[in-house]
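The values are calculated or read from the model by the stated rules, or taken from the named source; none is laboratory data. The model shown is predicted, which means the values in this text are computed figures rather than measured ones. Here Cβ is always computed from backbone atoms with ideal geometry, including for glycine, and neighbour counts include all displayed protein chains.
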Amino acid sequence: MDEPIELTAVRELRADAPSPDAARLAALRWRLMAAVAAETDGVPARPARGRLPGHRAVRRTVVAAATAAAVTSGVLLSLPGPAGPAGPSGITARPTTAATVLTMAAAHAERLSPAVPGPRQWAYVTAYTCDERPAPTTCAEKTSWVRGDGRQFMVTNGAGRKLVLERVGFPDVSYRALSRWPTEPHALLGKMGRDPRTQARQIMTVLAEAPAVPPRIGAALFRALALIPGADLVDRPVKDAMGRRGTAIDYRFSEQDHEYLILNPRTYAYLGFRTVSYGRTTAVAREVTGVVDHPGQLPGGPVPPRRSHGSAI
């Protein structure tokens, strides 16, 4: 089937331009549809005075061509209509490819304004982990603190006691350290290792455990995930460790080895991940984050007693 003449004209306009990658195409498609929606909002019921005959017909042709391109490229749209997930007024969108979902997740991450700890403040994150298979299911809550300068962190040991430790031999996931990471997706992916499974697991772990992620780095992490082969959009909701249903991307490394990235179905914010590997299933969920002045403290809570580094609190 020949492509519509409108698309041929656009293609020939910049025939010498290099072909963008899938993630870049998805971002450009989303901008195109936003522009189309803005143009079609408020179109009068009949032609206004002074407009050429066929003005609305031409507009409808452009909308139809753009919509056809979007449908064949990974986004299903309804124009006009109520605001859809992560979309401007006038667009109801349902992503149909993993690349499109990850592009939306990157856009959401780039718009965030996380609380940034000072050098002597502490950022904390609470996460849940459930080992679901083999039965019985066991779940644990983990809250960890990282000092703003990255020099110290706090963990909870098996007896429930909190330990303040020097960062020696442990990865630095402080805001300050993450700010120095590359924002170019290929370079960032190389920092995560060479094996696709290791790369996917590393990125999902950072998203789960880093208390505060710089917006540009958060966006780059999702763009790096789009470079990992074997990603498919799951056609049904997938639950995280807290039972929240989300949009999921399945990284299938073998018949029995899957990593599922789970995102908020409306905003595409990170919720958690699920590992299904050779008969074992583990789910992780990220719940709350914040900034406090003392390790072991929660917002509005008392100041824990001071202890020397490496001792229990």
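Listing for the model above:
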| quantity | calculated |
| --- | --- |
| Meets criteria (surrounded by 23 or more Cβ atoms within 10 Å (Cβ to Cβ) and within 23 Å of T143 (Cα to Cα)) for Y251 | no |
| Set P211, P182, P265: member being surrounded by 23 or more Cβ atoms within 10 Å (Cβ to Cβ) and assigned to a loop (DSSP other than H, G, I, E, B) | P211 |
| Hits in segment 201-220 - residues which are in contact (Cβ under 8 Å) with a residue 12 or more places away in the chain, over 22 Å from R147 (Cβ atoms) and out of contact with any helix residue (DSSP H, G or I) (no Cβ under 7 Å at 6 or more places or on another chain) | R201, M204 |
| Residue among P85, P136, P117 that is surrounded by 20 or more Cβ atoms within 10 Å (Cβ to Cβ), part of a loop (DSSP other than H, G, I, E, B) and at pLDDT below 95 | P117 |
| Criterion violated by L227 - all others in (1) in a strand (DSSP E or B); (2) touching a helix residue (DSSP H, G or I) at 6+ places or on another chain (Cβ under 9 Å) satisfied | (1) |
| Pair list, Cβ under 7 Å, 6 or more apart: segment 133-154 residue closer than 16 Å to W122 by Cα and in contact (Cβ under 8 Å) with a residue 60 or more places away in the chain, other residue in a loop (DSSP other than H, G, I, E, B) and among the β-branched types (V, I, T) | V146/V173 |
| Out of G243, G296, sole residue that is small (G, A, S), in a loop (DSSP other than H, G, I, E, B) and in contact with a Lys or Arg (Cβ under 7 Å, 6 or more places away or on another chain) | G296 |
| First in segment 166-177 and closer than 14 Å to P211 by Cβ, second anywhere and modelled with pLDDT of 70 or more and acidic (D, E), Cβ under 8 Å, 6 or more apart | V173/E209; S174/D149; R176/D149 |
| Condition check for L233: of a type in the set (A, V, I, L, M, F, W, C), outside the structural domain of K162 (by TED's automatic domain parsing) and touching a residue at least 12 places away in the same chain (Cβ under 8 Å) | no |
